[in-house]
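A.B. asks: Can you read through this structure? Questions will come right after.
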Amino acid sequence: MKKILLIVLCLFSINSWAQTSPDALLDGLHQDAHEGNFQTYFERYTLDAVFLGTDKTERWSIEEFKAYAEPAFADGHGWTYEVIERNWEGDGQTRWFDEILFNEKLGHCRGTGVVEWVEGEWKIAHYALTMLVPNAIAAEVGSQTIEADKL
């Protein structure tokens, strides 16, 4: 009985710590995406969160983002972004961040966003994912973007 109580207390303290750390919130977000944990991934967002994807048409409410993500998470994999670095600004109940990520398909990306302290835990209110384009090829990528927009 003592072992069970100790395990429960350990799990509770880990969970409590994770809920009060903005870094743990984002680290958990990326881990949930990698493992395809749909429910816990989306529990990390506020109810009125906005997600901006890499395509100009990808400005989603959290419910729209769930509909987009559900097929990707259905096979238990989601997507994988390795965190290279992260920076935090602000204090109090609202903070904002930027992070450099690496994805096998897209290369280096930047995630930016806002987190809010909501009912005793950090939640993501806004997240934007952008692809980082090296200046040496920016004009070429820009030309391709202009052509793709014409289609």
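The values are calculated or read from the model by the stated rules, or taken from the named source; none is laboratory data. Only a predicted model underlies this, so the values are computations on that prediction, with no experimental measurement involved. Neighbour counts run over all protein chains shown; Cβ positions are idealised from the backbone, glycine included.
A.B. asks: Please tell me if Gly78 is out of contact with any Leu (no Cβ under 6 Å at 6 or more places or on another chain) and modelled with pLDDT under 95. Break it down into steps so the answer makes sense when it comes.
C.D. replies: Details: out of contact with any Leu (no Cβ under 6 Å at 6 or more places or on another chain): yes; modelled with pLDDT under 95: yes.
Yes; evaluated as a whole, the condition is true for this residue.
A.B. asks: What tally of residues in the stretch 39-55 results from selecting those that are farther than 27 Å from Gln93 by Cβ and in contact (Cβ under 8 Å) with a residue 24 or more places away in the chain?
C.D. replies: First, the residues of the stretch 39-55 that are farther than 27 Å from Gln93 by Cβ: 54-55.
With the extra rule that they be in contact (Cβ under 8 Å) with a residue 24 or more places away in the chain, the set shrinks to 54.
Residues flagged as farther than 27 Å from Gln93 by Cβ and in contact (Cβ under 8 Å) with a residue 24 or more places away in the chain within the stretch 39-55 amount to 1.
A.B. asks: Output yes when any residue across the stretch 110-117 is touching a residue at least 24 places away in the same chain (Cβ under 8 Å), more than 20 Å from Tyr41 (Cα to Cα) and either out of contact with any Pro (no Cβ under 8 Å at 6 or more places or on another chain) or polar (S, T, N, Q) (or both), and no when none is. Give the steps one after another, and end with the answer.
C.D. replies: So in the stretch 110-117, the residues touching a residue at least 24 places away in the same chain (Cβ under 8 Å) come out as 111, 115-117.
When the remaining residues are screened for being more than 20 Å from Tyr41 (Cα to Cα), the result is none.
Checking the stretch 110-117: not a single residue is touching a residue at least 24 places away in the same chain (Cβ under 8 Å), more than 20 Å from Tyr41 (Cα to Cα) and either out of contact with any Pro (no Cβ under 8 Å at 6 or more places or on another chain) or polar (S, T, N, Q) (or both).
A.B. asks: Related question: Answer yes or no as to whether Asp91 is over 18 Å from Asp27 (Cα atoms), without any contact (Cβ under 8 Å) to a residue 40 or more places away in the chain and either part of a loop (DSSP other than H, G, I, E, B) or not hydroxyl-bearing (Ser, Thr, Tyr) (or both).
C.D. replies: Yes.
A.B. asks: Only one of these is under 22 Å from Ser21 (Cβ atoms) and not in a strand (DSSP E or B): Thr80, Thr46. Name it. Walk me through how you get there before you give the answer.
C.D. replies: Details: Thr46 fails: not in a strand (DSSP E or B).
Going through Thr80, Thr46 in turn, just one is under 22 Å from Ser21 (Cβ atoms) and not in a strand (DSSP E or B): Thr80.
A.B. asks: Determine which single condition Leu9 fails, assuming it passes every other condition in (1) part of a helix (DSSP H, G or I); (2) more than 24 Å from Gly90 (Cα to Cα); (3) at pLDDT 95 or above.
C.D. replies: Looking at each condition in turn, Leu9 falls short on (3).
A.B. asks: Check the stretch 142-150 and report whether any residue there is over 18 Å from Leu25 (Cβ atoms), assigned to a strand (DSSP E or B) and out of contact with any helix residue (DSSP H, G or I) (no Cβ under 7 Å at 6 or more places or on another chain). Let's see the steps before the verdict.
C.D. replies: So in the stretch 142-150, the residues over 18 Å from Leu25 (Cβ atoms) come out as 142-150.
The next check asks that each one be assigned to a strand (DSSP E or B); those that pass are none.
Within the stretch 142-150 (the criterion being over 18 Å from Leu25 (Cβ atoms), assigned to a strand (DSSP E or B) and out of contact with any helix residue (DSSP H, G or I) (no Cβ under 7 Å at 6 or more places or on another chain)), the answer is no, since none of the residues qualifies.
A.B. asks: Still on this structure, please answer the following. Of the numbered conditions (1) surrounded by fewer than 15 Cβ atoms within 10 Å (Cβ to Cβ); (2) in contact (Cβ under 8 Å) with a residue 24 or more places away in the chain; (3) of a type outside the set (Lys, Arg), Ala67 satisfies every one except a single condition; which is it?
C.D. replies: Only one criterion is unmet by Ala67, namely (2).
A.B. asks: Could you tell me whether the stretch 141-149 includes any residue that is among the acidic types (Asp, Glu) and either at positive phi or surrounded by 15 or more Cβ atoms within 10 Å (Cβ to Cβ) (or both)? If you could, list the steps in order and put the result at the bottom.
C.D. replies: We begin by selecting, within the stretch 141-149, every residue among the acidic types (Asp, Glu); these are 147, 149.
So of that shortlist, the ones also either at positive phi or surrounded by 15 or more Cβ atoms within 10 Å (Cβ to Cβ) (or both) come out as none.
Taking every residue of the stretch 141-149 in turn, none turns out to be among the acidic types (Asp, Glu) and either at positive phi or surrounded by 15 or more Cβ atoms within 10 Å (Cβ to Cβ) (or both).
A.B. asks: Moving on to the next point. Testing Ala72 on (1) in contact with a His (Cβ under 9 Å, 6 or more places away or on another chain); (2) assigned to a helix (DSSP H, G or I); (3) at pLDDT below 95, one condition comes back false. Which one is that?
C.D. replies: Just one mismatch for Ala72, condition (1).
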